[in-house]
Every structure is written in structure tokens, then in C-alpha cells.
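What follows draws every value from the coordinates through simple rules; no lab data is involved. Keep in mind the model is a prediction, meaning the values are calculated, not measured. We place every Cβ from the backbone using ideal geometry, glycine too, and count neighbours over all the protein chains shown.
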Amino acid sequence: MSTTIDINADIAESFGRWSLGEDAELVGLVTTVNVACGWHAGDPSTMHRAVEMAAQAGVNVGAHPGFPDLLGFGRRPIVIDDGDAVDYVLYQVGALMGIASRFGVTLSHVKPHGAFYGSIVVNPDRAVAIGRALQTLQAGMPMLLAPGPGLDAMRADGLPVVADNAADLDFDEDGRNVIEARPHVRDPELVAQQALRMARGSVLTVSGREIPMPVQTVCVHGDRPNVIAVATAVRRVLAENDVEIRSVFESLR
């Protein structure tokens, strides 16, 4: 029996005249996209183009809210309370919902970005507060989140959540991502092998130790310079090893 896995990628991270990523090609290589909502990257026109591209490609479209940090690309921690965290999410997701409505697109999920994502992974109260607020915005809307206290708390509260992690980042001994200040070229074959492990429920840490990592979707970052080569290799290696690439949201409907 084959294993199934979803592949997600961040898109719409250009801003004004500054272009980042190869979104037009990337949407054809993944199952799910996370659209930046203007705070860590993106702008209304970029969001519009991204939703239109994703709709034409037939992939899942979700919101990718981050900290209000264009200069740091949302990768710098900002101290806020959980009430502010909820408001940050609702504001950004609501903006994307408005744009998506022009194309008849219903958002499939929310995946926080960067340092904001990290703050939710480790904070059960914040994760639950955001998860509950999302249900008032759109019933059944899940959040993508890495395994950890936040995800565990959401499941315990009966909230929809999808286990996610990045195949193109390193992992420390606690299973946390080693964040890059600036994404660099990665060996596509090594990333693909990590994605294969993740599809089967584990990852290799930086020390070479294999640890559990039960995920339903794997991420490749759209701002990585060679993301197209990475995503292509991931698809090929998964297919060669009898892993079916399929939308995780089909099982949630």
C-alpha cells in the first residue's frame, strides 16, 4: 500500500517592483500554496496574481500571515500577546479571502510564516486561540503547524490542524527547524531524500540521528534560489518510492 503526502510551498513573496521566487512554475509542482498576505512580504497585486495562478493550476490556496516585518522578511521574533496574534491572523487572512472571492476560491487553510509560525508551534495557548478564531471566520479552516506543543493543544481542543514541516531546512536534535537568515541553494537530492523520510514519519537531524516527524504535508520554500530543482526532485523521488502526492485536504472534507 502506498503512502500519501501533500507538498506545500510559499508564494506571493514579491513586493512592488521587487520580484522573488518562480511562482508561475512552482504552482505546477506542488499540491498546496501559502499566499503571503502583505506583512512579511507580498502586496495586494501580488496576492491577486498568486491566487489567479493557483486557481488556474487547481491547487489548494491558503493564507500565509506573518509578523509586520518587511525588512526582516518576517524571520525576526517580535514580542506580542496572544490577543494581538489572533488579530494579526484575522486581518491578513481576511484580506486574502477578499481577493480570493474574485476568483470563486475558498481558502483551504492558514499557514503562519517564519518567526510567527515558530511562536505558535511552541505556545499552546496562542495556537488554540488562533485556531478558535479561524473557526469564526470560516468553519473547518485548518492551520498548518509543525509537530509540537501548539499542534498537540489544537488537537486536544478538537480544532482542525494539519501536521507540516519543511523538507528543505535542517533539523536540530529536538526536531526544530534550523532557520536560515537567507535561503541558499540546497542539494535537490538531499532535500528529496529528507522529504521521503518525512512521508514515512521521520527526519534526519544535523547530527545524523533519525527521529520521529509525523507530518501530513511537506514544505519547500518558494524563496529558495533553486526551489524549482528542489521541488522537481522531491516529486520524482517520492514517485519512485511509491509515495502518492495528494492533497491533504481531501481527507478533511
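Points worth noting:
- Alpha-carbon Rg/Rh ratio, for the chain, with Rh computed the Kirkwood way: 0.93
- Per the Debye formula on identical point scatterers at the alpha carbon atoms of region 64-142, with no solvent, log10 I(q)/I(0) at q = 0.27 Å⁻¹ is -1.38.
- Here is the size of region 93-207 from its Cα atoms: Rg then Dmax, 15.7, 48 Å.
- Column: log10 I(q)/I(0), Debye, Cα scatterers of region 179-223, q = 0.16 Å⁻¹: -0.47
- Of the beta bridges in the chain, as assigned by DSSP with both residues counted there, near 20 percent are antiparallel.
- The amide H of Thr4, built 1.01 Å from its N in the peptide plane, has Glu244 as neighbours under 5 Å, considering only residues 5 or more places off or on other chains.
- Over 14 Å [Cα-Cα, region 1-71], rounded percent: 55 percent
- Distant-in-sequence amide H partners of Asp69 (H built 1.01 Å from N, under 5 Å): His40, Gly74
- Model label sites at Glu250 and Asp172, defined 7 Å from Cα along the beta-carbon direction, differ in position by 3.7 nm.
- Mean separation of Cα contacts under 8 Å, 6 or more apart, over the residue count of the chain: relative contact order %: 22 percent
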